Amino acid sequence: MRYLLPGLILIMTLCSSAQTIKPKDLPNVKKSAVNRLDKQYEKYKTPALNIWQYAEVGYQEYKSSTELKKLLADAGFTIEEGVAAIPTAFVATYGSGSPVIGILAEYDALPGLSQLAAPEKSPDPTRKAGHACGHHLFGVASVAAGIELMETMKQTGLKGTIKVFGTPAEEGGSGKVYMVREGLFKSVDVVMHWHPGNRNAANPSSSLANISAKFRFRGVSAHAAGAPEKGRSALDAVESMNYMVNLMREHVPSDTRIHYVITSGGEAPNVVPDYAEVYYYARHPKRDVLAEIFGRIKKIAEAAALGTETKMEMEIIGGVFDLLPNESLARLMHHNLTAVGGVTYTPEEVEWAKKIQQSLIGPNQPAINTAALIEPFKIDASGSGGSTDVGDVSYVVPTVGLSTATWVPGTPAHSWQAVACGGTDIGIKGMMVAAKTLALTGIDLLNEPTQIQKAKEEFDRRRGPGFTYSALIGDRKPALDYRK
C-alpha cells in the first residue's frame with residue numbers, strides 16, 4: 001500500500017491517554033502523517049531554498065541553523081543552542097521519557113561550487129560556495145520529520161522524546177564527532193538520518209573512516225633570481241611531500257583513498273615562498289588500517305621538511321569512524337520508503353533533467369524515470385566511497401539512514417549539477433520523500449519498542465564486546481576556522 005493517496009482523514013479510535021496505536025489503526029495514522037506533510041510542501045520548500053541560497057560552509061552556518069531552529073521553536077520544540085562549543089550546533093527537544101528518537105540535520109555547503117539552478121554550468125557570482133551535497137535539503141527534511149512526529153504524538157497519545165540534532169560542518173569539519181564526544185547522544189535509543197542522492201534506497205551499508213589534516217611548512221624567503229641560495233622554499237616542501245605520497249599509493253591497500261589540495265603556495269614566482277600549506281584527506285574502511293596509513297603520511301611530511309630545510313607543523317582537522325550498519329532498522333526504513341514511493345517528474349522537469357544528463361561524463365546514464373523507483377533491499381558489504389561523521393554516531397547509538405533522489409539520476413555528489421538540482425523542485429520533491437520516510441519510521445519506533453530492542457541487540461553484536469568509543473580527533477577543540 002502507498003501512503004500518498006489524497007484526501008484520507010484519520011478516524012481517531014484511540015483515547016487520548018493511549019500509548020500505542022492498534023494495528024488496524026496504524027495505516028491511517030501513517031496516511032494522516034503523509035497527508036500533513038504533503039500540505040506543507042511550500043512551507044518546507046521556502047527554508048530549503050533559503051539555505052541553498054545562503055550556501056554557508058562548515059561552522060559558518062549562522063543563517064542556515066537559524067532557519068531550522070525557527071521552524072522547530074515555532075512548532076513547540078525546546079532549543080539548546082551552541083552545544084559542544086560549536087556556535088551553529090543545536091539540539092531541539094519535544095516530549096519526555098522513553099523511547100528517545102534522534103534525527104540528524106545537516107546544513108553546510110561546499111566551497112568553490114557556486115551554481116545557479118540551471119541545467120548548464122552557470123556559477124552564481126554572488127556566492128563562493130554551493131550545496132553540492134544537498135545539505136540544505138537534509139536539514140529541512142529532518143526538521144519536517146521531527147515536527148510531524150510531534151504532531152502524530154499529539155494526535156495519537158504516543159509517548160516518548162524527539163530530538164533533532166543540528167549538526168554543522170559534516171564536510172570535513174567532523175561536527176558530529178564533537179557532539180558525540182560531549183555525550184549528547186547518551187540518552188538516545190535510535191538515531192535516524194538521510195542523505196540526498198540520485199536514487200532511492202535504504203540499504204544497510206558502511207562508509208570509509210577518514211582522517212584529515214593540514215600540513216604547514218615554513219621556510220625562508222629570498223629573491224628567486226637574485227639570491228635563490230638564500231631561500232628555503234616552503235612550496236618545495238609541499239611538492240616533495242605530495243610526490244612521496246603519490247609514490248606511496250602503490251604500496252597501500254587498494255581500497256585506500258588519499259586526496260589533497262594545496263591551499264597556499266606563495267604569492268609571486270620571483271619570491272621564494274616562506275609559507276605553504278597542503279590539506280590532506282586519508283580514507284580506508286578500517287580505522288586501524290587508516291591509522292597506519294596516516295602515520296606514514298605524517299612521516300613523509302617530516303621527511304619533506306628535513307630534505308628542504310624547512311619546518312613542518314600538522315593540524316588534525318577532522319577524523320570520522322566508518323558507518324556501522326544496522327540491518328533490522330534498515331529493513332524497517334526500507335518498508336516505509338517503499339510505501340512512500342519515489343520522485344515523479346513533470347514533463348518540463350524531464351526536459352530539464354535531460355539537459356543535466358547531457359552534461360555528465362560517460363555514456364549510458366540511468367533512465368530518468370528511475371527517480372520514481374525504490375531500489376530492492378540488499379546488504380551492501382562494500383560500503384560507499386565517501387565518509388561521514390554519522391559514523392561516530394553509529395558507534396554510540398543504533399543508527400539508520402536512507403538516500404532519496406534529490407538529483408537527476410546519474411548526477412554525482414559534489415558537482416555543479418547537484419547544486420543546480422537542489423535549487424529546483426526536483427530537489428524539494430526528493431526532500432519530502434525523505435521527510436515522509438523518516439516520519440513513518442519514527443512512528444513505528446515510538447509505537448513498537450520491540451523494534452528498538454532488536455536494533456540494540458544487533459548494535460551490540462556488531463560493535464563487539466568491550467567496545468569503548470575514542471574519537472579520532474583526540475581532544476582537540478572544534479576547528480571552527482577550518483574553512484576560513
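What follows draws every value from the coordinates through simple rules; no lab data is involved. Since the structure is predicted, the reported quantities are computational estimates derived from the model, not experimental observations. Cβ atoms come from the backbone with ideal geometry, glycine included; neighbour counts cover every protein chain shown.
Structure data summary
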| read-out | value |
| --- | --- |
| Rounded to the nearest 20 debye, dipole of region 213-307 from Cβ charges on Lys, Arg, Asp, Glu | 340 debye |
| Whole-number Å³ per residue for the convex hull built on Cα positions in region 209-320 | 83 Å³ |
| Interchain or long-range residues, amide H under 5 Å from H195's placed H | L402, S403, T404 |
| Three-way shape call for region 270-371 based on the alpha-carbon gyration tensor, with the a/c threshold at 1.5 | oblate |
| Phi-based couplings in Hz for region 190-203 (Karplus 6.51, -1.76, 1.60; Gly and Pro marked x) | 9, 10, 10, 8, 7, 8, x, x, 10, 7, 10, 7, 9, 8 |
| Magnitude of the charge dipole, the chain, Cβ model with Lys/Arg +1 and Asp/Glu -1, debye to 20 | 800 debye |
| The chain - percent relative contact order, Cα under 8 Å, separation 6 or more | 23 percent |
| Gyration tensor verdict on region 112-179 (Cα atoms; rounded if a/c is under 1.5, prolate if a/b is larger than b/c, oblate otherwise) | oblate |
| For region 209-320: relative contact order, % (alpha-carbon pairs under 8 angstrom, 6 or more apart) | 46 percent |
| Positive dipole terminus of region 209-320, leading residue within T308, A268, A213 (C-beta point charges) | A213 |
| Hits among lysines - C-alpha to C-alpha of K186 under 16 Å, sequence gap 8 or more where chains match | K163, K176, K456 |
| Between helix 449-463 and the chain: long-axis angle, C-alpha atoms, 0 to 90°, nearest 10 | 20 degrees |
| Whole-Hz couplings from phi, Karplus 6.51/-1.76/1.60, listed for region 53-70; x for Gly and Pro | 6, 4, 6, 8, 7, x, 6, 10, 7, 5, 5, 5, 5, 5, 4, 6, 4, 5 |
| Positive-pole candidate from H284, H251, G226, dipole of region 209-320, charges at beta carbon | H284 |
| Stretch gain in nm, segment E120-A73, where the contour uses 0.36 nm per residue and the Cα spacing is subtracted | 13.1 nm |
| Cα long-axis angle, helix 135-156 against the chain (0 to 90 degrees, to the nearest 10) | 20 degrees |
| Mean Cβ count within 10 Å, highest first, over the residues of peptides 242-254, 181-193 | 181-193, 242-254 |
| Most to least packed among 151-159, 292-300 [average Cβ atoms within 10 Å] | 151-159, 292-300 |
| Computed log₁₀ I(q)/I(0) - Debye formula, equal Cα scatterers, no solvent, region 20-103, q 0.10, 0.11, 0.19 Å⁻¹ | -0.36, -0.44, -1.03 |
| Region 16-63 and region 67-104: distance between their alpha carbon centers, rounded to Å | 14 Å |
| Region 375-445 shape via C-alpha gyration tensor axes, a/c threshold 1.5 | oblate |
| Farthest positive-ward along the chain dipole, Cα basis, beta-carbon charges - from S387, T406, G146 | G146 |
| Degrees, to the nearest 10: 425-447 long Cα axis against longest axis of the chain | 60 degrees |
